[in-house]
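Visitor: Submitted below is the structure of interest, expressed as structure tokens.
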Amino acid sequence: MESKAEEQALVERAQQGDREAVAAIYRLYADRLYRQVIYPCVPNAAMAEDILKETFVTMLEQIHRYRWDPSRGLFPWLATIARNRGLDRHRKRIRHDRLNGSYREHLDVLASLSSTPDKVLEEQEEQGILKEQVRSCLDQLNERYRAVLEMRMFQELSREECAEQLDIRVATLDVVYFRALKAFKKVWEKQHVTSAG
């Protein structure tokens, strides 16, 4: 384990764009982040490895903002990034499940059928219709809700990136995103669930 002074020197070098310092930070903390922070919170090793990569990509993007804290060192900051990346993955799965909820069964039936050319064309047509239906619902939302859903779901931007683009705090973004999902669900159910009943 590096001393605090050595660790601080690595951080300062990384902030100046020193690739060797970044590699040293990775060697110093990757295994610990994986074992202690990421892997215990996700369903499989492949996702944990993806989150570890995303953690260090985010570290590279944000290292210039980091302020050295001699009492804590770098690990707590990296652990926070890793947890946020994990939460983003979890929220992505939730929103995917929510949006797919009312039409997923139909697509699953299509996917389980033998993939004859006719079935492939039918599935592609179904997906095209589905995209149009989602777009139609998004078009009925107010501009702010539509923007946050498009950024999070289609552009797959992080919470921090979305908040920065909308010029709001991350906590405010979470509230807007939650309300946008509720608004989308209400429009979807009005257009598709009610009409199907």
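None of the figures in this text is laboratory data; all of them are computed from the coordinates on show. Source: prediction; values computed, not measured. When we count neighbours, we look across all protein chains shown, and the Cβ atoms used for this are built from the backbone with ideal geometry, even at glycine.
Visitor: Between Arg67 and Arg32, 0.36 nm times their residue separation minus their Cα-Cα distance comes to what?
Guide: Separation in residues times 0.36 nm, less the Cα-Cα distance, equals 10.5 nm.
Visitor: Of Lys53/Lys182; Lys92/Lys186; Lys4/Lys53, which sit over 28 Å apart, Cα to Cα?
Guide: Lys53/Lys182
Visitor: Which of Asp167, Asp88, Asp18 comes first, and how do the rest follow, when ranked by fewest Cβ neighbours within 10 Å?
Guide: Least crowded to most crowded, the residues run Asp167, Asp18, Asp88.
Visitor: Going by C-beta contacts inside 10 Å, put Ser158, Ser3, Ser136 in order with the fewest on the left.
Guide: Taking fewest neighbouring Cβ atoms as first place, the list is Ser3, Ser136, Ser158.
Visitor: Taking the number of other C-beta atoms within 10 Å as the exposure measure, put Val57, Val11 in order starting with the fewest. Could you put the intermediate results ahead of the total?
Guide: Working: Val57 12, Val11 20.
Arranged by neighbour count, lowest to highest, Val57, Val11 become Val57, Val11.
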